[in-house]
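Working notes for the structure below.
Every read-out reported here was derived from the displayed coordinates using simple, explicitly stated rules and does not represent laboratory data. This is a predicted model, so every value here is computed, not measured. Here Cβ is always computed from backbone atoms with ideal geometry, including for glycine, and neighbour counts include all displayed protein chains.
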Amino acid sequence: MTRDTEIFDLIRRERERQTRGIELIASENYVSDQVMEAMGSVMTNKYAEGYPGKRYYGGCEIVDISENVARERLKKLFGAEYVNVQPHSGAQANMAVFMTCLQAGDTFMGLNLSHGGHLSHGSPVNFSGLMFHAIDYSLKEETGRVDYDELETKARAERPKLIVAGASAYSREWDYARIRKVADEIGAIFMVDMAHPAGLIAAGLLNNPLQYAHIVTSTTHKTLRGPRGGIILMGKDFANPWGKTTPKGEVKMMSALIDSAVFPGTQGGPLEHVIAAKAVAFGEALTPEFKVYQQQVKKNAAVLAQAFIDKGYKIISGGTDNHSMLVDLRTKYPDLTGKVAEKALVAADITTNKNMVPFDSRSAFQTSGLRFGTPAITTRGLKEDKMGWIVELIDTVLQDPENEQTITKVRETVNAEMVKYPLYAW
Ligand code: DSN
């Protein structure tokens, strides 16, 4: 077969882009060689609808073992009794949980997207807001932290069947116990989407939501540093509160309902190559080195946030407990939008993303904020002594975002430094 030079040239260019720049997108990371190798393996050739031991195809003996290894490692990592490693993404994992816990039109509650929530937690343009009645809770403007009083008041008044915690741009620890208490009071299921901080949680550096929530979902590719994908976990299996029965009259436990909601409910064949890569990543996450890595992620984030503050920037909530932070540009540069700032930084090979800030005066397309995170730069080997240098470079660009000479100078500085932190040997 003729080599597809068109695509492989693009892959080479993308690898170069990833290598030469400073990657600050909070949801991105660099997987290890062995995670990459598992993803690009012959496991991609196998159809395996069903679950280990109960497949709809022959020849699944080996992928059964691999999927079971992934499940056992994941259980150990988070202290789970039940896991499902098949969701293709975090949104798919959330969809399966919603299909399990809700009927079309039912009410559920999640964090407002413009306050750091996630598309699949009730956005009107996502399945979660289209199929279900989504209500939201917000952050307090003065503190930049979840308004638990509002959450409780709304939950009592509107009695959602499901309460979702978790965010894509929230830098603080959650009060899971408080949410569980109100969920129990109104008879709601409590789900935590831990996609962003999962790696820090696995390393024991943040509270483990499995101890509080009925159901936990996550992606595997952010702080957890695995392949792109989703997972569902429960600390303890439990009888479904609605007494759903099978045609034979059996009452199914939640684990069985979730399994059926993933397959055949919302997905077909699992991606066994990605599941093998998930297993490799979970194995890595069980090592002492992973804990050291996560400690550095957290330390880098705290120092980065402080460096922004020292330079006159406002960080929502005043700091971070995890790997991420949201900068409100309006304090330092009232006329600068997140859109313009992102573009100028990307031109300087500093990658970040524009993000709405709570109570933003601008649209989601323009935004007044930038989101930053440290998982990827920490994987590259950058330590806390480099965080002030990064903020200096960012500020140099943002002071004059249309100045191409400045951008070129910053980009040359970035490239000269990042060459010292090699990424992949091949
Ligand atoms: N798109 C992800 C993020 O950047 O946080 C959330 O799924």
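For every other residue with a beta carbon closer than 12 angstrom to the beta carbon of K140, add +1 if it is Lys or Arg and -1 if Asp or Glu, then tell me the sum.
So the environment of K140 carries a net charge of -3.
Going by alpha carbons, how many degrees (0 to 90, nearest 10) lie between the helix axis of 5-20 and the longest principal axis of the chain?
On a 0 to 90 degree scale, this one is about 70.
Could you give the angle, 0 to 90 degrees to the nearest 10, between helix 176-186's Cα long axis and the longest principal axis of the Cα atoms of the chain?
On a 0 to 90 degree scale, this one is about 40.
Calculated from DSSP H runs of 4 or more alone, at -39500 (n - 2.57) each and per residue, what is the 222 nm mean residue ellipticity of the chain, nearest 500?
The per-residue figure over the chain is -12500 deg cm²/dmol.
Among the listed pairs K76/K222; K140/K236; K278/K332; K236/K386; K140/K332, which have their C-alpha atoms separated by more than 31 angstrom in this model?
Distance filter (> 31 Å) returns K140/K236; K278/K332; K236/K386.
To the nearest 0.05, what FRET efficiency results for T5 and E417 with a Förster distance of 35 Å applied to their C-beta separation?
It comes out at approximately 0.65.
Note down the magnitude of the dipole of the chain about its Cα centre, charges +1 on Lys and Arg C-beta and -1 on Asp and Glu C-beta and zero elsewhere, to the nearest 20 debye.
Approximately 440 debye in magnitude.
Explain nothing, just the number: dipole magnitude of the range 90-222 about its Cα centre with +1 on each Lys and Arg Cβ and -1 on each Asp and Glu Cβ, in debye rounded to the nearest 20.
So the dipole magnitude of the range 90-222 works out to roughly 260 debye.
Can you bin the chain into rounded, prolate or oblate? Criterion: square roots of the alpha carbon gyration tensor eigenvalues sorted a ≥ b ≥ c, rounded for a/c under 1.5, prolate for a/b above b/c, oblate for the rest.
Oblate, because a/c is 1.5 or more while a/b does not exceed b/c.
Between V292 and T331, how many nm apart are label points set 7 Å from Cα along the C-beta direction?
In this crude spin-label approximation the distance works out to 3.5 nm.
Taking the mean number of other Cβ atoms within 10 Å as a proxy for protection, how do you rank 88-98, 218-228 from highest to lowest?
Going by the mean number of other Cβ atoms within 10 Å, highest first, we get 218-228, 88-98.
The range 1-38: which trypsin sites (Lys or Arg not before Pro) are DSSP loop and have at most 11 other beta-carbon atoms within 10 angstrom?
Here the sparse-neighbourhood loop sites are R3.
Using the charge dipole of the chain (Lys, Arg: +1 at Cβ; Asp, Glu: -1 at Cβ; taken about the Cα centre), state which of G229, G79, M356 has its Cα farthest towards the positive end.
G79
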